[in-house]
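Working notes for the structure below.
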Amino acid sequence: MKYLIFLLMLLITQNCLAQTNVQIEVYNKYKETTNPFLYNGIAYPAYIPGSIFEARHACFRDSICKPGTLVYMGRTYNDVALKYDIVIDEVAILHHVLQSEVVLRKSEVTEFSIGNTDFINIPKGQNIPPGYYELYQKGKTRILCKHRKTYMTGVNYNHRFYTMINEDDRKFYIEKNNQFHLVKNEKSLYEIFPDRKNELKDFIRRNELFIKETPGSSIPIVVEFINK
């Protein structure tokens, strides 16, 4: 009889332990997906689409949050619905339960990606303005791209007043000796790499590269040549 009671208690204990383990696993998954620190920012300042000329938007690629990857407070989050507002240089994420958008605390964002495009957060104290930059090219010599959009109100167009969002020229930076240097034209490249000025001149001329006019396609070609 005592033996049967012992077996019964053992089965009950194992069952309780199994339930506890399942509960812990479920809780951990819940905690991972509903991390309160991820949604503790301010509400995203929504624009009024009907008032904006030609329905342009302030974000990178899409004004709707899309699946992306985020490194926030040292933790990596996959499949996070987010968007990057270029006008205010902020990242917003969608709270699926509340169906509202929240602006992340920039000081806690290390990097994020939207589709195949990666961005990094340059903090204060660097030799370029702080903010989010597209990691345009990885590798030995990195290239950063700063996207820019301007928000303007009360713009007179055809005798009517509009709110406008204009996409400005992107700025490109090349990394050298742990510092990023703005590339405006060919002269900028010669100043960054003075010891290779003559061969750069020849390479740019032979390949008919236009650094100022088409920086997005020309600068990576030059950097690839420099890295050889």
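The values are calculated or read from the model by the stated rules, or taken from the named source; none is laboratory data. None of these values were measured; they are calculated from a predicted model. Heads up, the Cβs are rebuilt from the backbone with ideal geometry, glycines too, and the neighbour counts pull from every protein chain shown. Side chains included, ligands, DNA and RNA excluded: accessible areas come from the protein's heavy atoms. Shrake-Rupley method; radii C 1.70, N 1.55, O 1.52, S 1.80 Å.
The set of residues from region 67-78 being more than 16 Å from Tyr132 (Cβ to Cβ) and either open to solvent by 30 Å² or more (accessible area, probe 1.4 Å) or within 12 Å of the chain's Cα centre (by Cα) (or both) comprises Pro67, Met73, Gly74, Arg75, Thr76, Asn78.
Among the residues here, Glu101 qualifies as surrounded by 16 or more Cβ atoms within 10 Å (Cβ to Cβ), on the phi < 0 side of the Ramachandran plot and in contact (Cβ under 8 Å) with a residue 12 or more places away in the chain. A count restricted to region 134-151 and to residues that are open to solvent by 50 Å² or more (accessible area, probe 1.4 Å), of a type in the set (Lys, Arg) and touching a residue at least 40 places away in the same chain (Cβ under 8 Å) stands at 2.
Looking only at residues that are acidic (Asp, Glu) and within 26 Å of the chain's Cα centre (by Cα) in region 175-228, which one is farthest from Arg142 (Cα to Cα)? Full working, then the answer.
Taking region 175-228 and keeping what is acidic (Asp, Glu), we get 175, 186, 191, 195, 199, 202, 208, 213, 224.
Okay, now just the ones that are also within 26 Å of the chain's Cα centre (by Cα), so 175, 213, 224.
On the way: Glu175: 5, Glu213: 20, Glu224: 10 Å.
Result: Glu213.
Only one of Gly131, Gly154, Gly125 is at pLDDT below 95 and open to solvent by less than 60 Å² (accessible area, probe 1.4 Å). Can you tell me which?
Details: Gly131 fails: at pLDDT below 95; Gly125 fails: open to solvent by less than 60 Å² (accessible area, probe 1.4 Å).
So the residue among Gly131, Gly154, Gly125 that is at pLDDT below 95 and open to solvent by less than 60 Å² (accessible area, probe 1.4 Å) is Gly154.
In the list Ala81, Ala55, which residue meets the criterion of being surrounded by 15 or more Cβ atoms within 10 Å (Cβ to Cβ), over 30 Å from Gln179 (Cβ atoms) and of a type in the set (Gly, Ala, Ser)?
Ala81
Residue count for region 111-154 satisfying the condition of being closer than 22 Å to Ile165 by Cβ and part of a loop (DSSP other than H, G, I, E, B): 4.
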